[in-house]
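The values are calculated or read from the model by the stated rules, or taken from the named source; none is laboratory data. As the structure is a prediction and not an experimental result, all values here were calculated from the model. Cβ atoms come from the backbone with ideal geometry, glycine included; neighbour counts cover every protein chain shown.
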Protein chains: 2
Amino acid sequence: MTGRLFVIGTGPGNPDQMTPEAAAAVSKATEFYGYGPYLDRLNLRSDQRRQASDNREELDRASTALRAAATGATVCVVSGGDPGVFAMAAAVCEAIDNGPKEWRTIDLVVLPGITAMLAVAARIGAPLGHDFCAISLSDNLKPWNIIENRLAMAAKAGFVIALYNPISKARPWQLGKAFDLLRSDLPATTPVIFGRAAGRPDEQITIQPLAEADATTADMATCVIIGSPETKVITRDGKPDLVYTPRFIAGGNR
Amino acid sequence: MTGRLFVIGTGPGNPDQMTPEAAAAVSKATEFYGYGPYLDRLNLRSDQRRQASDNREELDRASTALRAAATGATVCVVSGGDPGVFAMAAAVCEAIDNGPKEWRTIDLVVLPGITAMLAVAARIGAPLGHDFCAISLSDNLKPWNIIENRLAMAAKAGFVIALYNPISKARPWQLGKAFDLLRSDLPATTPVIFGRAAGRPDEQITIQPLAEADATTADMATCVIIGSPETKVITRDGKPDLVYTPRFIAGGNR
């Protein structure tokens, strides 16, 4: 008997930013797997079971969830944000790829969510209004020299850069180093947005020019967005600044 | 008297993928501005007025909406997907930046949505599971040589590449040219995903290897995702293939 495996995203934490589609999957499933703080965002019924695990155990969690689904259960793997962006959907696919053949017959349903960079961008204007990239700054799962190369290429391309996993206790220097590298390629005034807990009551959004960007402003729950040379800041009396990247670069066909 | 301007995203078109937060904004607003097919996704009441405009008139539409908000109305500007990704939030910011000072006092509220690449990725597995970029392939608003440079840098960086606005009647050759350029940098087997109307009844998702990728598979409503050299395909008996980009590149700290 083969069950069903939902992989959902809660969005950044504000319940009003979780899609009805994801909420419907939560009401159908009976077994939940995820990082504790993400599971805490769901209002589970007493007949629904949760198994919280540490944030760094994605592959074990995916395999455990797949084993449960293979026995016929309706299972829900829970990510914050979007499950497809530096989150559980890739871990589940990886486990299927390397796991027993029967896991390929499980009814896998991945449901998208609001990923952090979109929530942060919305709170500050439209910094992702033109071409951009998203880079995980964690060198746990890839070598640091690849990250350095990606930052350099992103700056050369003129992409706005969204950084996920910018800093943690075990990775204290990487964000400062990234700012240092980008300072040689980007204007000193380039706006850097530190977006923490966007859309939640404890939200903190800070803008600093790249020349003075202070990595200690970020923590594990922060998404950092670094503008491109085109990105602009609008000041407003009595309201927070707006940051946006214009849709237009001179020389197009229109 | 100063009104309020919501800028919302409907998501890709499936009503269950629009956030409750965006739905609440729709119920509050009385004046709606947007591209007709996006406005059609809302079930407006008889006391709510809609003004549809062509997809290429973003800046005019933004200014009209800001003028209405400046008179005290509660206005809603509607994008498909996420309003911050190649959509109306940047046009509204641009209009504020270049408009009369009073527009800076308008209560501007941008609400995020599920952008096309997230919806397409979810339907096929997790192709955006690692570092990626999003590029608009339209050379209406920027010169083609900038797009070529960005594609080259993205390939050098090893990013998965999501292409928005891949093709239209007025821009028939750009996507084919992009595939040609990428063929010199990426493996022939790199999976190319054509995701049309993801999550809607008329959804069409197609995977082709880059060597054989056919630009005519795409239309205006398609988001194209091109894998990185790390991206993998999982075949499943009786089920569609899964495509994912692993979280892991050998040589990290763990």
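Consider B:E94 carefully, then state whether it is more than 9 Å from chain A (Cβ to nearest Cβ) and of a type in the set (D, E).
Answer is no for this residue.
What is the residue count in the stretch B:220-234 for residues that are modelled with pLDDT of 95 or more and within 18 Å of B:N165 (Cα to Cα)? Reasoning before the result, please.
Taking the stretch B:220-234 first, the residues modelled with pLDDT of 95 or more are B:222-234.
Narrowing the set further to residues that are within 18 Å of B:N165 (Cα to Cα) leaves B:222-227.
Of the residues in the stretch B:220-234, 6 are modelled with pLDDT of 95 or more and within 18 Å of B:N165 (Cα to Cα).
So how many residues does the stretch A:101-146 have that are assigned to a helix (DSSP H, G or I) and either within 7 Å of chain B (Cβ to nearest Cβ) or more than 16 Å from the chain's Cα centre (by Cα) (or both)?
13
For residues that are more than 8 Å from chain B (Cβ to nearest Cβ) and under 27 Å from A:I249 (Cβ atoms), scanning just the stretch A:153-175, find the one that is nearest to the chain's Cα centre (by Cα).
A:Y164
Kindly indicate the residue of the stretch B:4-46 that is away from chain A (no Cβ under 13 Å) and aromatic (F, W, Y) and also nearest to B:R61 (Cα to Cα) among those meeting that condition.
Ranking the qualifying residues of the stretch B:4-46, first place goes to B:Y33.
Run down B:D131, B:D107, B:D82, B:D47 and say which single residue is among the acidic types (D, E), outside the structural domain of B:A170 (by TED's automatic domain parsing) and under 30 Å from B:I207 (Cα atoms).
Criteria check complete, one pass: B:D82.
Go through the residues of the stretch B:155-162 one by one and say whether even a single one is modelled with pLDDT of 95 or more, surrounded by fewer than 24 Cβ atoms within 10 Å (Cβ to Cβ) and in a loop (DSSP other than H, G, I, E, B).
First, the residues of the stretch B:155-162 that are modelled with pLDDT of 95 or more: B:155-162.
With surrounded by fewer than 24 Cβ atoms within 10 Å (Cβ to Cβ) added as a condition, the list becomes B:155-156, B:158.
Filter once more, keeping what is in a loop (DSSP other than H, G, I, E, B): B:158.
Checked against the condition, which is being modelled with pLDDT of 95 or more, surrounded by fewer than 24 Cβ atoms within 10 Å (Cβ to Cβ) and in a loop (DSSP other than H, G, I, E, B), the stretch B:155-162 yields at least one hit.
Out of everything in the stretch A:182-207 that is modelled with pLDDT under 95 and hydrophobic (A, V, I, L, M, F, W, C), what residue ends up being nearest to A:K232 (Cα to Cα)?
Taking the candidates together, the pick is A:A198.
Would a scan of the stretch B:180-196 turn up a residue that is among the charged types (D, E, K, R), in a loop (DSSP other than H, G, I, E, B) and closer than 22 Å to A:I135 by Cβ?
Yes, the stretch B:180-196 has at least one match.
If only one of A:A157, A:A152, A:A198, A:A218 is touching a Phe, Trp or Tyr at 6+ places or on another chain (Cβ under 7 Å) and either closer than 26 Å to B:E94 by Cβ or among the aliphatic types (A, V, I, L, M) (or both), which one is it?
Checking each option against the conditions leaves just A:A218.
Could you look through the stretch B:163-178, keep only residues that are of a type in the set (K, R) and surrounded by fewer than 16 Cβ atoms within 10 Å (Cβ to Cβ), and pick out the one that is nearest to B:G227 (Cα to Cα)?
Taking the stretch B:163-178 first, the residues of a type in the set (K, R) are B:169, B:171, B:177.
Applying the additional criterion that residues be surrounded by fewer than 16 Cβ atoms within 10 Å (Cβ to Cβ) yields B:169, B:177.
Values: B:K169: 26, B:K177: 17 Å.
My answer is B:K177.
Every residue in the stretch A:7-33 that is over 24 Å from B:D82 (Cβ atoms) and within 16 Å of the chain's Cα centre (by Cα), please. Break it down into steps so the answer makes sense when it comes.
At the first step, the residues of the stretch A:7-33 found to be over 24 Å from B:D82 (Cβ atoms) are A:27-33.
Once the filter is applied, which keeps residues that are over 24 Å from B:D82 (Cβ atoms) and within 16 Å of the chain's Cα centre (by Cα), the stretch A:7-33 yields nothing.
Report those strands (runs of 3 or more DSSP E) wholly inside the stretch A:1-100 carrying at least 1 residues which are touching a Cys at 6+ places or on another chain (Cβ under 9 Å) and surrounded by 21 or more Cβ atoms within 10 Å (Cβ to Cβ).
Working: elements: A:4-9, A:31-35, A:49-53, A:74-79.
Ranges flagged: A:4-9, A:31-35.
Out of all the residues in the stretch A:201-249, which are among the aromatic types (F, W, Y) and part of a strand (DSSP E or B)?
A:Y244
In contact (Cβ under 8 Å) with a residue 60 or more places away in the chain and under 30 Å from A:I146 (Cα atoms): does that describe B:A119?
It is true that B:A119 is in contact (Cβ under 8 Å) with a residue 60 or more places away in the chain and under 30 Å from A:I146 (Cα atoms).
How many residues does the stretch A:225-254 contain that are in contact with a strand residue (DSSP E or B) (Cβ under 9 Å, 6 or more places away or on another chain), more than 10 Å from chain B (Cβ to nearest Cβ) and over 12 Å from A:I124 (Cβ atoms)?
2
Determine the pairs where a residue that is crowded, with 20+ Cβ neighbours inside 10 Å, located within the stretch B:184-211, has a partner that is part of a loop (DSSP other than H, G, I, E, B) and among the β-branched types (V, I, T) with Cβ atoms under 9 Å apart, the partner being 6 or more residues away or on another chain.
From residues that are crowded, with 20+ Cβ neighbours inside 10 Å, the pairs are B:T190/B:T231; B:P191/B:T231; B:G199/B:I114.
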